[in-house]
1. Out of the residues in the stretch 528-565 that are part of a loop (DSSP other than H, G, I, E, B) and touching a Ser or Thr at 6+ places or on another chain (Cβ under 6 Å), which is surrounded by the fewest Cβ atoms within 10 Å (Cβ to Cβ)?
2. Which is crowded, with 20+ Cβ neighbours inside 10 Å, in a loop (DSSP other than H, G, I, E, B) and modelled with pLDDT under 95, of Thr80, Thr92?
3. Which members of the stretch 520-563 meet the condition of being polar (S, T, N, Q) and either under 22 Å from the mean Cα position of the chain (by Cα) or assigned by TED's automatic domain parsing to the domain that holds Pro480 (or both)?
4. For residues that are buried (at least 21 other Cβ atoms within 10 Å of the Cβ) and over 18 Å from Phe665 (Cβ atoms), tally how many sit in the stretch 415-435.
5. Kindly indicate the residue of the stretch 391-422 that is hydrophobic (A, V, I, L, M, F, W, C) and touching a Gly at 6+ places or on another chain (Cβ under 7 Å) and also farthest from Gly191 (Cα to Cα) among those meeting that condition.
6. Do any strands (runs of 3 or more DSSP E) entirely within the stretch 153-254 hold 3 or more residues that are modelled with pLDDT of 95 or more, and if so, which?
7. Filter the stretch 654-676 down to the residues that are farther than 12 Å from Ala592 by Cβ and assigned to a strand (DSSP E or B) and list them by number.
8. The conditions are (1) outside any strand (DSSP E or B); (2) more than 14 Å from the chain's Cα centre (by Cα); (3) closer than 29 Å to His165 by Cβ; (4) among the polar types (S, T, N, Q), and Ser429 fails exactly one of them. Which is it?
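The values are calculated or read from the model by the stated rules, or taken from the named source; none is laboratory data. Everything quoted here is computed from the prediction, not taken from an experiment. Every residue, glycine as well, gets a Cβ built from its backbone with ideal geometry; the counts of neighbours run over all protein chains shown.
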Amino acid sequence: MGHPPAAGEKTAGGFSVAHHELLSRALDLDHSSAHERIVYSYQRTLNGFAARLTKDEKEKLSSMEGVVSIFPSRTHQPLTTRSWDFLGFPQTVKRSLELEGDVIIGMLDTGLWPDSPSFSDEGFGPPPSRWKGACLNFTCNNKIIGARAYNHGSSTGGLSAVDTHGHGTHTASTVAGRAVGNVSLGGLAAGTVRGAVPGARLAIYKVCSDDGCSDADMLAGFDDAVADGVDVISFSIGSNLPFPYFEDVGAIGSFHAMRGGVLTSAAAGNSGLESGRVSNVAPWILSVAASSTDRRLVDRLVLGNGKTIVGASINIFPELKNVPFVLPINGSCEAESLAVAGRLYKGKILLCAFTGNGSGPATVGAAGAVIVTDQPDVAFSLPLPAVMVSQHQFSRIMAYVNRTRNPVGTILASESAFDSQAPIVASFSSPGPNMITPSILKPDLSAPGIDILAAWSPLSPVSGRSVAYSIDSGTSMACPHATGAAAYVKSFHPDWSPAMIMSALITTATPMNSSRNRGGGELTYGAGQLNPVRARDPGLVYDAREGDYVRMLCAQGYNSTQLRLVTDSDDAAPCRGGRGGSAADLNYPTMAVRAAPGKNFSSHFPRTVTNVGVPGSVYVAKLVSSRPELVGVAVSPRRLAFSQLGQRLSFTVTVSGALAGANEFVSAAVVWSDGDRHVRSPVIVHTVDV
């Protein structure tokens, strides 16, 4: 995937002539046959194509000059009233609706429901004059200024960006929804729902259909979004594992977005039980973990003996009172297993010892269900009255059932409860370490992603009913919080590069308490919890441009020929002499060291910061380590004196020490302060074995 074809290059049937000729030459096809094989021809900001190939044809094409990489088009999955207030970002925060109106956010997702009051354009003027996008088969307005849809090679021809899933509507309203009062889901989580930047514009790129989000469609969405003129891209789509950069369309698409000055904010993934699963790890992407707020949605199961079990679910059904418990005959609550003796379960509360979505009990007419979950911190919508409990709680329920002749239970409606421990990283949120570039800490930061109320599509029923607003959880919900914060910063600093905005968000994040979170510290939540207000005025930023990323890729083993084909830039020149430096040299706001157990280590991180605060400021470094007897941090110099805005000064961080065993970690930080601003760069040292 390289730079776009030359301006003079003609296209045929919407596809690049060069792409036709390459495919025809490689596969001995005539022109018409090649046309039938090509799914997409990326020409606006990328240079590449998606085509239908056999395994042998793929091998033949990959050996041809000018081809960087060929990889299969995988299918991925799309990964509020309280959350913004919890982040210290109230409706009264300093903002300029005029400046926000110049910010355009591209949503690569499942589409959008345009009739939601969250997307009203009342009071909006026309879109910015630089906007080059289109509104295809969709009702746009001065808030929603563009809409495109894709489906395995078709980006026009009657396709609509209307959201039939709900996910895209939810994420878009979290980013930029208008404030709408008296909103709830069946009375649950009532309040005013709003986005971070209600004055910003939205451009919708429906790259996900009912069967998921294909690589080919996502890359087409990136290509169009950057060419159309968006400022920030929100990408709540991920995978179960990270992929090498040249096989990862998120990395490829966001690289070209970065070249165009566009920041991509992405979900870190929902595979939280295994280390190293964090996705969207390219250093030019903001990777966002999910964490809790101080509002938790709970449900209560009252046993016949009066004991109460507090679980989690989004239960908006009427109270289910004193209903008999029953165990499935073969232990499974899957629909196929329950169908064998379905009549026995009708009108009962099924006790499900394994995780499920409640569809089986609902299918056989059960009145309710108790379901074991490995994510007890998350409330899910289910198709019948149900409570999700931990394995330990389920054992307590079974103890009551086994010693009671006629065991019964009452399932109450869900309610909100205060959680004083928040923020805590979500159980599902994919942790590091970064398996592609270990010296780059991923995820970058965390944001609210549990029990988020936002706009929804009425075409996607919740608990059997059509709703305008719904509650959802995932790093998909955390990502748009970071996207909205990025857009907020962009509205004040329109000339900042994507890396500068990322730096502002990362270095101003609020540190999280590692003792309250599962092991791994920053490997699970990055720099900490998003803090949009502080990010507006970070004081110092770490900047990086295309050439810096190219040098990092060179240090990882990519050669100049590969990188030139992708970037079409002389910035690939540093690779011509072979590998030089290391990925740790990238001017990134955080630092990570993967150490060998029982062995001494010493790592050096050269860094440069740009003064964006006030002229004539002096910053002094404070060094922090959770285990200074194991890991030491040194900075040279420790004092930076800036005489003017935009001035750049450099320093080097040295991290050294030893960790005795495997799967250990030590958190540290370098904090630059001028007395008013605190620029915090987390350092994580670990021996996590993946």
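1. Ranking the candidates gives Asp543 first.
2. Going through Thr80, Thr92 in turn, the sole match is Thr80.
3. Selection gives Thr524, Gln529, Asn531.
4. So the count comes out to 3.
5. If we take residues in the stretch 391-422 being hydrophobic (A, V, I, L, M, F, W, C) and touching a Gly at 6+ places or on another chain (Cβ under 7 Å), then Val408 is farthest from Gly191 (Cα to Cα).
6. 201-206, 232-235
7. Listed by number, the residues that qualify are Thr654, Ser656, Gly657, Ala669, Val670, Val671, Trp672, Ser673.
8. Of (1) outside any strand (DSSP E or B); (2) more than 14 Å from the chain's Cα centre (by Cα); (3) closer than 29 Å to His165 by Cβ; (4) among the polar types (S, T, N, Q), only one is false for Ser429: (2).
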